[in-house]
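The values are calculated or read from the model by the stated rules, or taken from the named source; none is laboratory data. The structure presented is a predicted model; accordingly, all values stated were derived computationally and were not measured. Glycine gets a Cβ as well: all are built from the backbone with ideal geometry, and neighbour counts include every protein chain shown. The accessibility values were calculated without ligands, DNA or RNA, using every heavy atom of the protein model including side chains. Shrake-Rupley method; radii C 1.70, N 1.55, O 1.52, S 1.80 Å.
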Amino acid sequence: HTELQRFAMRWYGIEEFRLILQNIGFSEIRCSSDYVYEKQPSNAGQIITFEAVRKQ
């Protein structure tokens, strides 16, 4: 027998994700690639990290 469960995954572009973060209340949004602080991504194979601040 096989157990199946739904696994929802969404893909966002960098600017689209930045706008989502802003829309839900985050500020000071920074994007880095390959763990180099604020290095802009240049190809699809890089690891992208976002940092943001949300005041409560």
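Could you identify the single residue in Arg10, Arg6, Arg30, Arg18 that is of a type in the set (Lys, Arg) and assigned to a helix (DSSP H, G or I)?
None of the other options fit; the residue is Arg18.
Listed residues Arg10, Arg30, Arg54; which is modelled with pLDDT of 90 or more and surrounded by fewer than 10 Cβ atoms within 10 Å (Cβ to Cβ)?
Arg10
Please go through segment 33-48 and give me each residue that is part of a loop (DSSP other than H, G, I, E, B), of a type in the set (Gly, Ala, Ser) and touching a strand residue (DSSP E or B) at 6+ places or on another chain (Cβ under 9 Å), ordered by number.
Hit for segment 33-48 is Ser42, nothing else.
Six or more apart or on different chains, Cβ atoms under 8 Å: show the pairs whose first residue is in segment 39-50 and free of Cβ contacts under 8 Å to residues at least 60 places away in the same chain and whose second is open to solvent by 90 Å² or more (accessible area, probe 1.4 Å).
As it stands, the answer is Ile47/Tyr35; Thr49/Tyr35, since those pairs meet every condition given.
Does any residue of segment 8-18 turn out to be aromatic (Phe, Trp, Tyr) and touching a Phe, Trp or Tyr at 6+ places or on another chain (Cβ under 8 Å)?
Scanning segment 8-18, I find at least one residue that is aromatic (Phe, Trp, Tyr) and touching a Phe, Trp or Tyr at 6+ places or on another chain (Cβ under 8 Å), so the answer is yes.
With the requirement that a residue be open to solvent by 100 Å² or more (accessible area, probe 1.4 Å) and either more than 13 Å from the chain's Cα centre (by Cα) or among the basic types (Lys, Arg) (or both), what does segment 13-27 give you?
If the condition is that a residue be open to solvent by 100 Å² or more (accessible area, probe 1.4 Å) and either more than 13 Å from the chain's Cα centre (by Cα) or among the basic types (Lys, Arg) (or both), then Asn23 is the only one that fits.
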